[in-house]
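*Asks:* Supplied in C-alpha cells, the structure appears directly below.
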Amino acid sequence: NDIAIAQSISFNRQTNFSEITDRFGKSEIRKLGAKGGQVTFGSVDLGDSNAAGNRKKIKEHQQNATPVFLDVTHRSGEITRFFGVITGMSEDHPVGHQFPKYGVKMQISHIIELDSSYNLLSDKISIGGEVDGRSEYVSSA
C-alpha cells in the first residue's frame, strides 16, 4: 500500500441474481450470491534511485504471489481495503525517452470497509457485497 499509483484504480462490484418472470410479466429478482473480482491500476516507472524501486517491488510481489492489500479512499473519507494477490503485470516502454509505465491486475479474495477514523464498517466480505438472503425495497428519493 506504500507504492505510488499514477493511473486510475478500477474495480467492479457484481452480484449473482436470478430473475423469475410469471406469465403476467411480473418479475421476482433474487440475490443468489456475490461475485469476486479484480482491481486494476498502474503507475509510471520513474527510475527509482535504489534497487528496491516501485516497479521492482510490484514485479516481485507478482512473481512470488505475495498476498497484498490496497486502500482506496472515497470522497466521503470512507476506505475500501482490498486484499488479494497480484496476478498480472504489464509493462510499456515507449519510444523517445518517455517514462515507462506498468499496469497491475490484482485478484481480490475479500474486502473490508472502514470509516475515515479506520473503524470497521464491515466484516470480511466479497467485492460483490454481502449475502444475507433478505429482499427489502427502499426509496430512491
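The values are calculated or read from the model by the stated rules, or taken from the named source; none is laboratory data. Every value quoted in this text rests on a predicted model; they were computed, and no experiment measured them. Glycine gets a Cβ as well: all are built from the backbone with ideal geometry, and neighbour counts include every protein chain shown. We work out accessible area using only protein heavy atoms, side chains counted, and drop any ligands, DNA or RNA first. Shrake-Rupley method; radii C 1.70, N 1.55, O 1.52, S 1.80 Å.
*Asks:* Of the labelled options (1) 1.10; (2) 0.96; (3) 1.03, which one gives Rg/Rh (Cα atoms, Kirkwood Rh) as computed for this structure?
*Replies:* Evaluating Rg/Rh (Cα atoms, Kirkwood Rh) on these atoms matches (1).
*Asks:* Next up: Once you order the gyration tensor axes a ≥ b ≥ c over the Cα atoms, which shape class does region 22-93 get: rounded for a/c under 1.5, otherwise prolate or oblate by comparing a/b with b/c? Walk me through the numbers on the way to the answer.
*Replies:* Numbers: a/c = 3.09, a/b = 2.50, b/c = 1.24.
Verdict is prolate for region 22-93.
*Asks:* While we're here: Given a 10 angstrom Cα cut-off, can you work out which residue in PHE17, PHE82, PHE41 is the most mobile in a GNM of the chain?
*Replies:* Result: PHE17 has the largest fluctuation of those listed.
*Asks:* Follow-up question, since we're still on this one. For region 58-119, what is the accessible area per residue in Å² when the probe is 1.4 Å? Don't jump to the answer; show the numbers that get you there.
*Replies:* Values: 3780 Å² over 62 residues.
Per residue, region 58-119 has an accessible area of 61 Å².
*Asks:* A further question on this structure: Could you work out how far apart the two model spin labels at ILE112 and PHE99 are, taking each label as a point 7 Å from the Cα in the direction of the beta carbon, and quote it in nm?
*Replies:* 3.2 nm
*Asks:* Sort 86-96, 104-114 by packing, meaning the average of other beta carbons within 10 Å per residue, with the highest value first.
*Replies:* Details: 86-96: 11.7, 104-114: 18.5.
Highest-to-lowest ranking by the protection proxy: 104-114, 86-96.
*Asks:* What's the carbon and sulfur percent of the chain's accessible surface, probe 1.4 angstrom, rounded to a whole number? Numbers along the way, then the final one.
*Replies:* Working: 4710 of 9870 Å².
Ligands and nucleic acids excluded, carbon and sulfur reach 48 percent.
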